[in-house]
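The values are calculated or read from the model by the stated rules, or taken from the named source; none is laboratory data. For clarity, every value in this text was computed on a predicted model and none was experimentally measured. With ideal geometry, Cβ positions are generated from the backbone for all residues, glycine too; neighbour counts draw on all protein chains shown.
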């Protein structure tokens with residue numbers, strides 16, 4: 001057997017199992033897509049098969065936007081996610097700048113406590129956050145602030161940008177300092193142009209997290225017009241007199257499309273942003 005044939009055989013030995021694994025992982029999504037095409041009667045007892053699909057996909061999606069206010073939920077979630085992404089990215093870059101290029105007492109200890117917050121799940125701080133937002137009255141009067149302000153800081157982002165900035169030659173910072181550039185000017189003129197892949201990767205992760213927030217929105221937002229998309233998906237489960245699995249699955253698919261499309265568009269930058277480099 002020639003080397004080229006051996007190489008081709010080895011490639012198929014790797015690709016065929018991977019294709020099978022990918023197909024198995026896609027089965028739930030395909031099943032949800034098939035269920036989204038069903039009527040109420042057909043969805044009462046969903047068939048355990050992917051095909052044939054039903055004919056009610058478009059009517060089910062229309063019900064989401066006409067009867068469940070899904071369009072408003074999407075607009076609300078886009079606004080909330082955008083504010084969280086921009087705020088987290090800016091604060092994370094400033095934190096990374098401080099931890100790498102500034103010298104101050106207790107820097108190592110402070111960075112350790114920042115990393116320690118990664119061990120704290122969001123659920124354990126929900127009650128203190130709820131009490132704080134209730135005292136401020138944001139849950140009723142300013143729900144957008146209640147959904148965004150508590151989540152503008154991120155230990156993950158601080159760690160990510162700290163590691164990335166550590167890999168950038170310090171000679172650049174010294175040259176900028178000699179030229180009289182301020183730290184902020186150095187960040188905007190040097191660090192950001194060299195960090196677009198990391199910024200995109202961080203922003204994508206934070207966008208998906210903000211887009212999928214559910215529990216906090218259920219607790220803090222009382223006005224249905226200010227709710228987010230994941231709460232809308234939950235409301236789709238109670239649509240109609242009987243559970244309409246077609247509408248519910250359609251809601252899940254519509255809610256998953258924006259982050260999926262964003263990931264597909266930014267996949268190259270996302271992977272490049274997490275490329276492993278040696279710290280200097």
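Tabulated data for the structure shown
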| read-out | value |
| --- | --- |
| Odd one out for residue 190, checked against (1) over 28 Å from residue 144 (Cβ atoms); (2) surrounded by 19 or more Cβ atoms within 10 Å (Cβ to Cβ) | (2) |
| Any hit, the range 172-190, residues being touching a residue at least 24 places away in the same chain (Cβ under 8 Å) and under 24 Å from the mean Cα position of the chain (by Cα) | no |
| Residue within the range 127-143 that is surrounded by 14 or more Cβ atoms within 10 Å (Cβ to Cβ), free of Cβ contacts under 8 Å to residues at least 24 places away in the same chain, within 19 Å of residue 89 (Cα to Cα) and out of contact with any helix residue (DSSP H, G or I) (no Cβ under 6 Å at 6 or more places or on another chain) present | no |
| Hey, residue 99 out of contact with any helix residue (DSSP H, G or I) (no Cβ under 7 Å at 6 or more places or on another chain), more than 30 Å from residue 227 (Cβ to Cβ) and assigned to a helix (DSSP H, G or I) or not | no |
| Residue check for residue 255: at pLDDT 90 or above, crowded, with 21+ Cβ neighbours inside 10 Å and closer than 14 Å to residue 72 by Cα | yes |
| Residues of the range 216-249 classified as within 25 Å of residue 42 (Cβ to Cβ) and within 20 Å of the chain's Cα centre (by Cα), total | 3 |
| Whichever residue in the range 229-252 is in a loop (DSSP other than H, G, I, E, B) and crowded, with 16+ Cβ neighbours inside 10 Å and, among such residues, is modelled with the highest pLDDT | 244 |
| Some residue of the range 135-156 being out of contact with any strand residue (DSSP E or B) (no Cβ under 6 Å at 6 or more places or on another chain), in a helix (DSSP H, G or I) and within 19 Å of residue 99 (Cβ to Cβ) | yes |
| Test for residue 98: is it free of Cβ contacts under 8 Å to residues at least 40 places away in the same chain, surrounded by 14 or more Cβ atoms within 10 Å (Cβ to Cβ) and more than 30 Å from residue 235 (Cα to Cα) | yes |
| Members of the range 204-228 that are surrounded by fewer than 20 Cβ atoms within 10 Å (Cβ to Cβ) and in a loop (DSSP other than H, G, I, E, B) | 212, 214, 222, 223 |
| Some residue of the range 58-71 being modelled with pLDDT of 90 or more, surrounded by 14 or more Cβ atoms within 10 Å (Cβ to Cβ) and closer than 27 Å to residue 201 by Cα | no |
| Test: residue in the range 108-128 that is part of a loop (DSSP other than H, G, I, E, B), more than 26 Å from residue 272 (Cα to Cα) and modelled with pLDDT under 90 | yes |
